[in-house]
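Chemist: If you scroll down you'll find the structure; I have some questions about it.
The values are calculated or read from the model by the stated rules, or taken from the named source; none is laboratory data. Worth saying up front: this structure is predicted, and the values here are computed from it rather than measured. Glycine gets a Cβ as well: all are built from the backbone with ideal geometry, and neighbour counts include every protein chain shown. The area values use the complete protein model at the heavy-atom level, side chains included, leaving out ligands, DNA and RNA. Shrake-Rupley method; radii C 1.70, N 1.55, O 1.52, S 1.80 Å.
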Amino acid sequence: MSALVFEGTVHAFGRDVDTDVIIPARYLNSSDPAELGSHCMEDIDPAFVSRVAPGDVIVAGENFGCGSSREHAPVAIRAAGVSCVVAASFARIFYRNAINTGLPIVVCPAAAREARSGDRLRVDVENGVVANLTRDTTYQADAFPPFLQELIGRGGLLPYVKARVDEGGAA
């Protein structure tokens with residue numbers, strides 16, 4: 001499997017999941033990814049971190065990541081072990097923060113609407129394909145352009161820029 005193909009169990013959430021439930025404000029005094037990940041989603045699903053396995057996928061309705069502009073939210077999601085998020089739509093600032101911190105996110109309303117917790121998804125961000133392996137259905141999403149593929153593949157904006165500088169290229 002390509003580095004930009006993710007497969008995991010779905011953890012489904014509804015619409016308007018805001019950054020305050022992704023990582024509650026009481027934990028924002030930490031910037032340690034492991035600490036943030038250990039509290040990911042606890043106000044909306046207290047058992048989330050005990051159920052999530054490395055590579056799992058969050059699926060949600062419209063406006064995922066609304067609320068404050070904190071980068072802690074996508075950091076917490078990645079640190080909890082989630083490989084990517086598929087949603088009907090994302091809040092604009094969360095979308096950019098997710099990309100900048102190396103969290104792959106895919107807009108795919110049909111897949112988000114039909115997936116259920118416990119389903120298995122395969123998400124190919126390079127080709128924009130979301131396959132629900134449990135339901136034997138496939139959905140088309142927008143593929144990541146090559147630049148974003150490289151940025152995600154390197155782990156986010158800072159590792160991308162560092163690698164470009166180290167390679168002697170323009171950042």
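Chemist: With a 1.4 Å probe and all protein chains in place, put PHE147, PHE13 in order of accessible area, largest first. Present the calculation step by step, with values, prior to reporting the outcome.
Modeler: Working: PHE147 100, PHE13 30 Å².
Descending accessible area places them as PHE147, PHE13.
Chemist: Using unit Cβ charges (K, R positive; D, E negative) and no other charged atoms, how large, in debye to the nearest 20, is the dipole of the chain about its Cα centre?
Modeler: 100 debye
Chemist: As an exercise, take the mean of 1/r over every pair of distinct alpha carbons in the chain, invert it, and state the Kirkwood radius in angstroms.
Modeler: In the chain this quantity evaluates to 15.9 Å.
Chemist: Here's something else I'd like to know. Can I get the semi-axes of the range 130-171's equivalent ellipsoid? Compute them from the C-alpha gyration tensor as square roots of 5 times the eigenvalues, in angstrom, largest first.
Modeler: Taking √(5λ) for each Cα gyration eigenvalue gives 32, 10, 6 Å.
Chemist: On alpha carbon coordinates alone, what is the Rg over Rh value for the range 25-65, Rh being the Kirkwood radius? Let's see the in-between values first.
Modeler: Working: Rg = 11.3 Å, Rh = 11.6 Å.
Rounded to two decimals, Rg over Rh is 0.97.
Chemist: Scan around THR137 for amide H atoms under 5 Å from its own, H built in the peptide plane at 1.01 Å from N, and keep only partners 5 or more places away or cross-chain.
Modeler: HN-HN under 5 Å from THR137: ASN132.
Chemist: Which listed residue (ILE22, ALA91, VAL107) has the Cα farthest towards the positive end of the charge dipole for the range 1-138, taking +1 on Lys and Arg C-beta and -1 on Asp and Glu C-beta about the Cα centre?
Modeler: VAL107
Chemist: Sticking with this structure for a sec: Per residue, how much accessible area does the chain have with a 1.4 Å probe, in Å²?
Modeler: Numbers: 7870 Å² over 171 residues.
Per-residue accessible area for the chain comes out at 46 Å².
Chemist: Pick from ILE22, ILE77, ILE44: which residue has the top mean-square fluctuation in a GNM of the chain where Cα pairs under 10 Å get a spring?
Modeler: ILE44
Chemist: While we're on this one: Please list, ordered by chain and number, the residues whose modelled amide H lies under 5 Å from the amide H of ALA60; skip anything fewer than 5 residues away on the same chain.
Modeler: PHE13, VAL86, ALA87, ALA88
Chemist: Calculate the spin-label point distance for SER69 paired with GLN140, positioning each point 7 Å from the Cα along the beta-carbon direction, and give it in nanometres.
Modeler: 3.5 nm
Chemist: When the accessible area of the chain is computed with all protein chains present and a 1.4 Å probe, what percentage of it is carbon and sulfur?
Modeler: Reported share for carbon and sulfur atoms: 52 percent.
Chemist: Would you mind checking which residues have amide H under 5 Å from VAL129's amide H? H placed 1.01 Å from N; only 5 or more apart, or other chain.
Modeler: ASP124, ALA141
Chemist: Let me ask something else about it. Can you tell me what share of the DSSP beta bridges in the chain is antiparallel? A percent to the nearest 5 is fine.
Modeler: 50 percent
Chemist: Tell me, what is the 1.4 Å probe accessible area of TYR95, in Å² to the nearest 10?
Modeler: 70 Å²
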